[in-house]
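Participant: One structure follows; several queries about it will come next.
The values are calculated or read from the model by the stated rules, or taken from the named source; none is laboratory data. Just so it is clear, the model here is predicted, and its values are computed rather than measured. Note that each Cβ is placed from the backbone with ideal geometry, even for glycine, and that neighbours are counted across all protein chains shown. Quick note on the areas: whole protein, heavy atoms, side chains included, nothing else; ligands and nucleic acids left out. Shrake-Rupley method; radii C 1.70, N 1.55, O 1.52, S 1.80 Å.
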Amino acid sequence: MARARKNKPTVTTILLVVEGTTEKIYFERLKGLERYSSLKIKPDLPKHSNLTTLLDYAKDEQASGAYDYVWLLFDRDVLQTQKLPKTTLDLINNPEKLKKHGIDIADSMPCFEIWFLLHYCLPKQTYQNQDKLIEELCKHIPNYCKKQEWLDKNDIYAMLKDKINTALENSKTLRERNKNADSSDYSMCNIDLLITEIQKLGKK
């Protein structure tokens with residue numbers, strides 16, 4: 001008599017459309033260390049990182065049906081340097097509207113490294129530029145550098161893993177602090193929403 005086959009566990013797929021090497025390497029390291037058996041994470045860095053191009057790419061990938069979830073990660077300081085069409089601005093500034101396209105946002109201001117800093121403390125209300133935030137991060141991670149050579153040699157996810165609950169709590173506090181913000185330049189971070197989603201899906 002043939003042995004009954006056990007049903008294979010369903011694997012959920014999540015695509016992360018990122019605009020920088022730092023984000024790609026961080027989530028590659030997360031994927032390698034956590035080894036979620038029920039979740040396949042794909043950090044994808046398209047060749048052209050203009051925000052409109054990234055958004056169009058995320059839409060196309062979502063429409064392909066190849067992934068269960070599609071997330072778009074970007075630094076909001078690009079709004080100061082890139083001339084973006086109104087259609088792009090309308091979507092990225094209205095997460096609920098973008099969610100109707102099947103895409104979630106994990107954005108940061110001024111840059112992704114604010115997520116790293118949240119593992120140690122609450123950030124300042126504003127930063128003049130990315131370099132100023134990274135200066136503060138270096139007080140906690142000496143010699144931190146966002147160049148690929150440094151990131152390849154240092155496992156930033158493993159380095160921060162034991163402080164991730166602190167980062168999640170600090171992110172909530174930061175979001176609460178910004179509820180009545182009257183400036184788009186205020187430091188902010190929604191990476192915690194993505195991390196929480198990954199943790200939830202990884203446990204299924």
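Participant: Excluding residues fewer than 8 places away in the same chain, name every one of the lysines whose C-alpha is closer than 19 Å to that of residue 86.
Facilitator: Partners found: 59, 97, 99, 100.
Participant: Continuing with this model, one more query. Under the rule of -39500 (n - 2.57) per DSSP H run of 4 or more residues, summed and divided by the residues of the chain, what mean residue ellipticity at 222 nm is obtained, to the nearest 500 deg cm²/dmol?
Facilitator: Values: 10 runs with 90 residues, N = 204.
After summing the helix terms and dividing by residue count, I get -12500 deg cm²/dmol.
Participant: On full extension of the chain, what length is gained from residue 48 through residue 94, given 0.36 nm per residue of separation minus the C-alpha to C-alpha distance?
Facilitator: Difference between extended and current length: 14.3 nm.
Participant: Of all chymotrypsin sites (Phe, Trp or Tyr not before Pro) in segment 34-108, which ones are in loop regions per DSSP and have a Cβ with at most 16 other Cβ atoms within 10 Å? The partial results should precede the final answer.
Facilitator: On the way: sites: 36, 57, 67, 69, 71, 74; in loops: 36, 67.
For chymotrypsin sites (Phe, Trp or Tyr not before Pro) across segment 34-108 that sit outside H, G, I, E and B with at most 16 neighbouring Cβ atoms in 10 Å, the list is empty.
Participant: What's the long-distance tail for segment 6-161, i.e. % of Cα pairs beyond 19 Å?
Facilitator: Details: 7058 of 12090 pairs.
Counting pairs separated by more than 19 Å, the tail of P(r) holds 58 percent.
Participant: On the accessible surface of segment 1-149, probed at 1.4 Å, how many percent belong to carbon and sulfur atoms?
Facilitator: Details: 4070 of 8520 Å².
Carbon and sulfur atoms account for 48 percent of the accessible area of segment 1-149.
Participant: Using a Cα-Cα cut-off of under 28 Å, which lysines could be cross-linked to residue 147, ignoring same-chain neighbours fewer than 8 residues away?
Facilitator: 24, 31, 40, 42, 47, 83, 124, 132, 139, 161, 163
Participant: Hand me the chymotrypsin sites (Phe, Trp or Tyr not before Pro) from segment 122-158 located in a DSSP loop with no more than 16 other Cβ atoms within 10 Å, in residue order please. Display every interim value, and only then the final one.
Facilitator: Working: sites: 127, 144, 150, 157; in loops: 127, 144.
Loop-located and lightly packed - none at all.
Participant: Related question: What does the charge dipole of segment 135-204 about its Cα centre add up to, to the nearest 20 debye, if the Cβ of each Lys and Arg holds +1 and the Cβ of each Asp and Glu holds -1? Provide the component values of the computation, followed by the final result.
Facilitator: Values: 13 positive and 12 negative charges, 68 e Å.
So the magnitude is around 320 debye.
Participant: Treating only the Cα positions of segment 17-107 as identical point scatterers, give the base-10 log of I(q)/I(0) from the Debye formula at each q in 0.16, 0.19 Å⁻¹.
Facilitator: Log10 I(q)/I(0), no solvent term: -0.66, -0.91.
Participant: Let me ask something else. At what distance in nm do the modelled label points of residue 162 and residue 179 sit from each other, each positioned 7 Å from its Cα along Cα→Cβ?
Facilitator: Between residue 162 and residue 179, the label points sit 3.4 nm apart.
Participant: Can you tell me how much longer the chain between residue 83 and residue 101 gets when fully stretched, taken as 0.36 nm per residue apart minus their C-alpha distance, in nm with one decimal?
Facilitator: The residue 83-residue 101 span can extend by a further 4.2 nm.
Participant: Another question, then. Please report, in debye to the nearest 20, how large the charge dipole of the chain is about its Cα centre when each Lys and Arg carries +1 at its beta carbon and each Asp and Glu carries -1 there.
Facilitator: 1040
Participant: While we're here: Restricting to the chain, compute how many DSSP beta bridges are antiparallel as a %, nearest 5.
Facilitator: On the way: 2 of 18 bridges.
DSSP beta bridges in the chain are roughly 10 percent antiparallel.
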